[in-house]
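Here the structure comes first, spelled out in structure tokens, and everything after it is commentary.
The values are calculated or read from the model by the stated rules, or taken from the named source; none is laboratory data. Source: prediction; values computed, not measured. Every residue, glycine among them, receives a Cβ derived from its backbone with ideal geometry; neighbour counts consider all protein chains shown. Heads up: the accessible areas ignore ligands, DNA and RNA and are worked out on the full protein's heavy atoms, side chains in. Shrake-Rupley method; radii C 1.70, N 1.55, O 1.52, S 1.80 Å.
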Amino acid sequence: MRWITASQLENWAESEPARAKLPALIAALVRASAKHIGTIRFPAEDKSQVHGFDGHLVAVGVPFVQDGESLWELGTSADYLAKANKDIRARTKQTPSEKRAAISFVFVTPRTWNKPGEDENELQKWREKKRKQGGWKEVVVIDGVMLQDWLEQCPAVAARYARYEFGLMPK
């Protein structure tokens, strides 16, 4: 059952609460889907603007992300590409190369990665380019389409957010 669509996620990204609630949504999805969690930290709500990465995770079995350690950046801005570029550039500078080689960088946006004029492989090209440039183990982007899929895999999380954050009933 689809509780929340990619279009609804994109509309939600326009709201002020989305910026503070997105980390909590990601943490809830991780908890609902991971086979094992060693470390999880996604400051949310009134702590969503603390310095440092938006999320730190050591887990096994999280959809879209390689097993092991990952550092996360989240953004709701309309210019998600500029935000992703800014975040990965800054985090690459401040993370030692030996650490980058062993961990994944994950960028999350409730927006759909879809720039006019791009071919369907642009997202994968961007990820691979940033992985090579930065020396990360993996670079992952989770956009609104992928969040929609992840929410479908975790219906309890989707139902809670649909009701309390989106004011929605299932379709």
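Some notes on this structure:
- Test: residue in segment 20-32 that is over 16 Å from V141 (Cα atoms), open to solvent by 50 Å² or more (accessible area, probe 1.4 Å) and modelled with pLDDT of 95 or more: yes
- For segment 73-92, the tally of residues that are closer than 13 Å to D143 by Cα and of a type outside the set (D, E, K, R) stands at 8.
- Residue within segment 138-161 that is more than 24 Å from S33 (Cβ to Cβ) and among the basic types (K, R) present: no
- Scanning segment 77-103 for residues that are of a type outside the set (F, W, Y) and open to solvent by less than 20 Å² (accessible area, probe 1.4 Å) returns A84, D87, I88, T95, I103.
- In segment 131-171, the residues that are under 18 Å from L22 (Cβ atoms), open to solvent by 70 Å² or more (accessible area, probe 1.4 Å) and either outside any helix (DSSP H, G or I) or free of Cβ contacts under 8 Å to residues at least 12 places away in the same chain (or both): R163, Y164
- In the set V60, V65, only one residue is surrounded by 16 or more Cβ atoms within 10 Å (Cβ to Cβ) and of a type outside the set (S, T, N, Q); that residue is V65.
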